[in-house]
Amino acid sequence: MRTGAAPPASMAVEEEKVAVDGSTNGYAAAVVTVSSAGEQRQLDAGALFVLKSKGSWLHCGYHLTTSIVAPALLSLPFAFASLGWAPGVLCLVIGAAVTFYSYNLLSLVLEHHAQLGRRQLRFRDMAHDILGPRWGRFYIGPIQFSVCFGAVIGAALLGGQSMKSIYLIARPGGMMKLYEFVVIFGAFMLILAQIPSFHSLRHINLISLMLCLAYSACATAGSIHAGHSSTPPPRDYSLPSDSQDRVFGVFNAIAIVATTFGNGIIPEIQATAAPPVTGKMFKGLCLCYTIVVMTFFSVAISGYWAFGNRAQGTVTANFILQDGSILVPKWFLTMTNVFVLLQLAAVGVVYLQPTNEVLEGLFADPTKDQYSTRNVVPRLIFRSLSIVTATLIAAMLPFFGDLNAVIGAFGFLPLDFTVPSVLYNITFKPSRRSFIFWLNAVIAAVFSMLAVLGSISAVRQVALDAKTYKLFADI
């Protein structure tokens, strides 16, 4: 659904011109975006090296799918356990509809500015140009960085959990600890983190798309198999009896759903599209949300049906009972965990891109070749430090479900539900009597309140669980 129209291309023409300096062996010394009015600006090394604009709408679709349809969706039955059937399904429908609409609004704003000759490549660029410099520097920028780096931490933690599950299936009673697997997975991510640009991930993200379909199908089939087995797990769909726990549980579940639909890097993904960008993100979103509908609803409904309010932080954890018996064949559970493990590496690297872009902007030299020693050495050092830091935090704080909720409430709810509506209304200035103005205003107001309440609930849950966990705990 396209909710607005950018000005016709005839109003402004965007061209990319490359100034070549012979001293850099023919490489671009600077890239300048030129509008028909003669406006120009030089790109920094972060935008020039990490956010290369060479992709098609299919590539945008691959990036979108990897960033949204990630293993966090395996937490949806856990969210349903605090919501119940009807509210749970309703939250999924609203989450899908609002995020598709909001991401489309962001795309329209980006297209509008691109056709006016000032293409915005980063979320903080949008905030700087539309809301003012302070919003980009002190609000959008820090929140986006926190959310994205938090997603890298979550990927490292869940990757370690998946590796440990595979290990325990092969060697029941094995003595290796969770943090050891987190470190091993972190080493794998460290290698992938050296891939130079966002656009370079397009083939990895195509594989990621197929992997998310695979493990979602496995999770759904496993839940159905467990529910129809000769000794099915006990099912109870009742909600907590304590009213306080029930209320906080609802807001915590909303935060988990928000995280599952969250993206936070729409401008950076659209930045990878080659000009002209008009319509490319909409096609990419259609591809992505086709996968969303196929995976989110099947995993959430089948997992909650099979395990009720005993659904754990990830539904695959329910396949292994406390006595060590497994509700599905061992090879099937191993295969599912391998699919999850492989896609987590792609998810972690995708969400590392805003960090990479900042680091390249600080330490790389845009007048030198991207693969020169001057730029390769700091890239290797600082990207490696980023992964080491994320891996260390993941090993220290091993409660992914709670971390998931905090990320969603603190970052994804404002960035993906509230900010797009505000940016659209400021950019296109729809009439205050129009339906779209009030729809955007209501979305911004409602999800701002949910962000505050969800943050309180998520932090409360972390505080409660912190009493039972310790640093580097083996869970």
If R₀ is 41 angstrom, what is the calculated FRET efficiency for the pair Trp331 and Ala274, using the beta carbon separation as r and rounding to 0.05?
0.40
Karplus-derived 3J(HN,Hα) from phi for segment 125-137 (6.51 cos²θ - 1.76 cosθ + 1.60, θ = phi - 60°), whole Hz, x at Gly and Pro, runs 5, 4, 4, 4, 6, 9, 9, x, x, 5, 5, x, 7
Computing the accessible area with a 1.4 Å probe over protein heavy atoms, can you report the carbon and sulfur percentage for the chain?
68
With every atom except the alpha carbons ignored, what do you get for Rg and Dmax of segment 67-200, in angstroms?
19.9, 63
The chain accessible area per residue, 1.4 Å probe, protein heavy atoms, integer Å², reads 40
Can you give the extra length, in nm with one decimal, that the chain gains between Val459 and Ile224 once fully stretched, where that is 0.36 nm per residue apart less the Cα-Cα distance?
81.3 nm
Magnitude of the Cβ-charge dipole of segment 325-475, K/R +1 and D/E -1, about the Cα centre, nearest 20 debye?
280
Express in nm, to one decimal, how much length is gained between Arg432 and Ala217 on full extension, taking 0.36 nm for each residue of separation and deducting their alpha carbon distance.
72.9 nm
What's the center-to-center distance, using Cα atoms, between segment 321-400 and segment 228-273 in Å?
23
In nm, the gap between the two label points placed 7 Å beyond Cα toward Cβ at Val446 and Thr373 is 6.0
Within segment 177-260, which trypsin sites (Lys or Arg not before Pro) sit in a loop by DSSP and count at most 14 neighbouring Cβ atoms inside 10 Å?
Arg235
With no solvent term and unit scatterers on the alpha-carbon positions of the chain, Debye gives log₁₀ I(q)/I(0) at q = 0.06, 0.07, 0.10 Å⁻¹ of -0.26, -0.36, -0.73
Could you give the nm distance between label points at Thr290 and Tyr469, where each point is 7 Å from its Cα heading toward the beta carbon?
3.8
Inter-label distance for Ile184 and Ile207, nm, one decimal - labels placed 7 Å from Cα along Cα-to-Cβ:
1.9
Ordering of 323-330, 45-52 by packing [mean C-beta count within 10 Å, highest first]
45-52, 323-330
May I ask you to derive the relative contact order of segment 113-235, considering only C-alpha pairs under 8 Å and at least 6 residues apart, and to give it as an integer percent?
12
Positive-end residue, the chain charge dipole about Cα centroid, Cβ charges, pick of Ile426, Gly186, Met396
Ile426
Want the number for Ile195 to Ala170: 0.36 nm per residue separation, take away the alpha-carbon distance, what's left?
5.8 nm
Treating only the Cβ atoms of Lys and Arg (+1) and Asp and Glu (-1) as charged, compute the dipole magnitude of the chain about its Cα centre; round to the nearest 20 debye.
200
Given an 8 Å cut-off on Cα distances and at least 6 residues of separation, report the relative contact order of the chain as a percent.
31
Given an 8 Å cut-off on Cα distances and at least 6 residues of separation, report the relative contact order of segment 337-475 as a percent.
26
Listed peptides 251-260, 53-62 by packing density, highest first (mean Cβ within 10 Å)
251-260, 53-62
Suppose R0 equals 45 Å. What FRET efficiency, 1/(1 + (r/R0)^6) with r the Cβ-Cβ distance, do Ala86 and Phe138 give to the nearest 0.05?
0.65
Can you list the lysines whose alpha carbon sits under 16 Å from that of Lys330, skipping same-chain ones fewer than 8 residues off?
Lys164
222 nm [θ] for the chain, helices only, -39500 (n - 2.57) per DSSP H run of 4+, per residue, to 500?
-20500 deg cm²/dmol
Give me the accessible area of Lys368, 1.4 Å probe, in Å² rounded to the nearest 10.
90
Please list 150-162, 206-218, 422-434 highest first by mean number of surrounding beta-carbon atoms within 10 Å per residue.
150-162, 206-218, 422-434
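The values are calculated or read from the model by the stated rules, or taken from the named source; none is laboratory data. All values reported here derive from a predicted model rather than from experimental measurement. Virtual Cβ from ideal backbone geometry, glycine too; neighbours counted across all protein chains shown. Please note that ligands, DNA and RNA were not included when accessible areas were found on the heavy atoms of the full protein model with its side chains. Shrake-Rupley method; radii C 1.70, N 1.55, O 1.52, S 1.80 Å.
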